[in-house]
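Engineer: I'd like to ask some things about the structure below.
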Amino acid sequence: MKNLEALKKWIDTIIKLGPFIIVFEVIIGAIMAIASSQIKAIDSLWFGILIFSIIVFTAINIFKYFNEKNFPKLLIENIENEINEDTLSKSFARKSLINDAIASTLIGLNDQTCKLTNKAVPNYATEEEISNRMCEKDIEDGVLNLLRPFITNLHLVLESFNSKFTVATYLQNIASETPKQDIVEYNTGIYVLKDELKIKESLIWDLLERTDLKSEKQEIQNILRLSINNNRFENGKFKINGEEYYLLSSTIPIVCDDDHPDGLFIVIGKDLGNVPNDIEEIFRIFNRVLANWISKYNECVYSRINYKE
């Protein structure tokens, strides 16, 4: 910002001149005091020194007055305007990025699920096509691929530009195939998608079901249970080895039923004490997409089992 640079130069000049002005004022004040005590007559040398000192002292104070009066208020106003414009620009860029992420995520959901069909449909896929379906991937890979446009831009979405994040999901009743028995099993647990903070060990698979937890695991469990039990967004904090972390937890709904959570989307960072006001709604949008993906994933597993029968 040019205006900010100009203000800095002005302040630097004042800072550099300040000590000299103070010293000069002290010297003039001392001279005035000495001259006053030595005056014997109006036409004496000391009287002339006193008058000269008063003139100089007055000039210094006039200079200080006009310097303060001419403080660059316009510069300050211009800087405020630039900051406001920059904030609006970033806000617009953030909204554009979020909209792009939503669009990309929906496209990703469509790409992964549009070929899923029912066996009764004439164009039912071949076994080779089925083997390449979404349920062949690990849950972590599937969810990460789906939400990648969102997860890779979390620093902008959360306006936490220097933070690293650990991202996870807690999913209930995820269908999985047992190859030997050809039946469907259901798994419930935490899937870690991204671990920049290197705290994966604290997000153990069965964390929400355990009753023997201690330290940060217990603190994390408390936040997650508050979120899922009350079907609400939570922003809590916990400590690992004395280091403070913030945890954002948002519920993943059952498809077509926002009143009953089926899991949690979890983001952990160190600088998430104050998040944007719209973050709860943004998480809710992506969680609805994720809920549809989970439904289709389970459908894919059922379809594979049925095809083998």
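The values are calculated or read from the model by the stated rules, or taken from the named source; none is laboratory data. Here the structure is a predicted model, which is why all the values come from computation and not from measurement. Backbone-built Cβ (ideal geometry, glycine too); neighbour counts: all protein chains shown.
Engineer: Do the conditions hold for residue 266, that is, is it modelled with pLDDT under 90 and either touching a Pro at 6+ places or on another chain (Cβ under 8 Å) or crowded, with 21+ Cβ neighbours inside 10 Å (or both)?
Structural biologist: So residue 266 does not fit the description; no.
Engineer: Every residue in the range 124-152 that is at pLDDT below 85, more than 20 Å from residue 170 (Cβ to Cβ) and among the polar types (S, T, N, Q), please.
Structural biologist: Answer for the range 124-152, where residues must be at pLDDT below 85, more than 20 Å from residue 170 (Cβ to Cβ) and among the polar types (S, T, N, Q): 126, 131, 132.
Engineer: Within the group 210, 225, 232, which residue is farther than 24 Å from residue 143 by Cα and either assigned by TED's automatic domain parsing to the domain that holds residue 150 or touching a strand residue (DSSP E or B) at 6+ places or on another chain (Cβ under 6 Å) (or both)?
Structural biologist: After ruling out the rest, the residue left standing is 210.
Engineer: Hey, among the residues in the range 227-242 that are in contact (Cβ under 8 Å) with a residue 12 or more places away in the chain and farther than 18 Å from residue 286 by Cβ, which one's surrounded by the most Cβ atoms within 10 Å (Cβ to Cβ)?
Structural biologist: This residue is 238.
Engineer: Which condition does residue 259 not pass, out of (1) exposed (fewer than 12 other Cβ atoms within 10 Å of the Cβ); (2) farther than 28 Å from residue 281 by Cβ, if it passes all the others?
Structural biologist: Only one criterion in (1) exposed (fewer than 12 other Cβ atoms within 10 Å of the Cβ); (2) farther than 28 Å from residue 281 by Cβ is unmet by residue 259, namely (2).
Engineer: From the residues in the range 269-309 that are at pLDDT below 85 and among the basic types (Lys, Arg), which one is farthest from residue 248 (Cα to Cα)?
Structural biologist: 308
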